Amino acid sequence: MRWRGRRESDNVVDRRGEGGGLGGGLGGRGGFRLPTGGGVRRAGAPSIGFIIVAMVVLWLLGMNPLSVLTGDLGGMMGGSQMSSIEEDRPRTAEEGELVSFVSVVLAETEDTWTTIFQAEGETYPKPTLELFRGQITSGCGFASAASGPFYCPPDRSVFIDLAFYDELRRRFQAPGDFAQAYVIAHEVGHHVQNVLGILPEFNRLRQTMSEEEANAMSIRVELQADCFAGVWAHDAAQKGLLEQGDIEEAMNAATQIGDDAIQKRTQGYVVPESFNHGTSEQRQRWFRAGFEAGNWRSCDTFKATQL
């Protein structure tokens, strides 16, 4: 990815020197358990939000409403199965460059989604990217580095311990800077879902779901975030930021973090009824759908009859 010399976002907060403390916990592999009524949405009834929420409501008419997903990548990748990352490791020049990289990627997502929202007559509220080391307390509770990157709706923030990228490269065999960019773009996709009212609505209705229904809907939520990441990648390509092999890096990352791939890696067999983020093939397909179309309307996972 041609990122050097590009604008860095002002919305990166470095909390790597803080102690995480103790808190409420993640609430399971599927993601954080959000506070009841804690979702944040924009005031009023914006057209773009209304369109997507309407799609969700239409899809839900024939079944019980399901779970909210915070979109933590740790959930995608096995969460507690990840190796522990030391909290007191020294900062390096390589890590400093990685901070610049994620700041540029965040800035590029800001530009993409600002343009999309403006086309709908709306304002895009930019998320914050919070860097932490070892452990962190957020509006969604306590998290450790082993949880992986995650998005917290009440904070409107993406959280990441940069050492996760070592795990992505070594343990999950997903190297490359565009694989790293895909991680951020996916979490920003959850932010888009949040500001459109999708995640808060799921959170409100989540008490009526069965576990099976929750898994089914969480897959649709995650695949839409993958598709939104593809929409951003399309915009990056239009700007000439992509290099040869970048899309393949993202597609490989999507493959490595599919539910089936994770279960095969961690337990040697798959249990499809427990999937809650999508298979490798599904994750690839929806990222590709967003990338090829370059239009958020191509990301209607809620009405799709086949994922």
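Throughout, read-outs are computed from the coordinates displayed, never taken from laboratory work. Just so it is clear, the structure is predicted and the values come from calculations on it, not from any experiment. Don't worry about glycine lacking a Cβ; one is built from the backbone with ideal geometry, like all the others, and counts go over all protein chains shown.
Values computed for the structure shown
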item	result
Matching residues, the stretch 256-283, being without any contact (Cβ under 8 Å) to a residue 40 or more places away in the chain, closer than 21 Å to Phe164 by Cβ and in contact with a helix residue (DSSP H, G or I) (Cβ under 6 Å, 6 or more places away or on another chain)	Gly258, Ala261, Ser280
Given (1) without any contact (Cβ under 8 Å) to a residue 40 or more places away in the chain; (2) crowded, with 20+ Cβ neighbours inside 10 Å; (3) more than 14 Å from the chain's Cα centre (by Cα), index of the condition Phe159 fails	(3)
Complete set of residues in the stretch 259-301 that are outside any helix (DSSP H, G or I), surrounded by fewer than 18 Cβ atoms within 10 Å (Cβ to Cβ) and hydrophobic (A, V, I, L, M, F, W, C)	Val270, Val271
Boolean, Ala214 is surrounded by fewer than 23 Cβ atoms within 10 Å (Cβ to Cβ) and either among the aliphatic types (A, V, I, L, M) or touching a strand residue (DSSP E or B) at 6+ places or on another chain (Cβ under 6 Å) (or both)	yes
Any pair with Cβ under 8 angstrom, 6 or more apart, that starts in the stretch 119-140 at a residue that is at positive phi and ends at one that is in a strand (DSSP E or B)	Gly134/Ser144
Failed criterion for Leu205 (all others in (1) surrounded by 24 or more Cβ atoms within 10 Å (Cβ to Cβ); (2) in contact (Cβ under 8 Å) with a residue 60 or more places away in the chain hold)	(1)
Count of residues meeting criterion [buried (at least 18 other Cβ atoms within 10 Å of the Cβ) and farther than 24 Å from Gly96 by Cβ] in the stretch 122-136	2
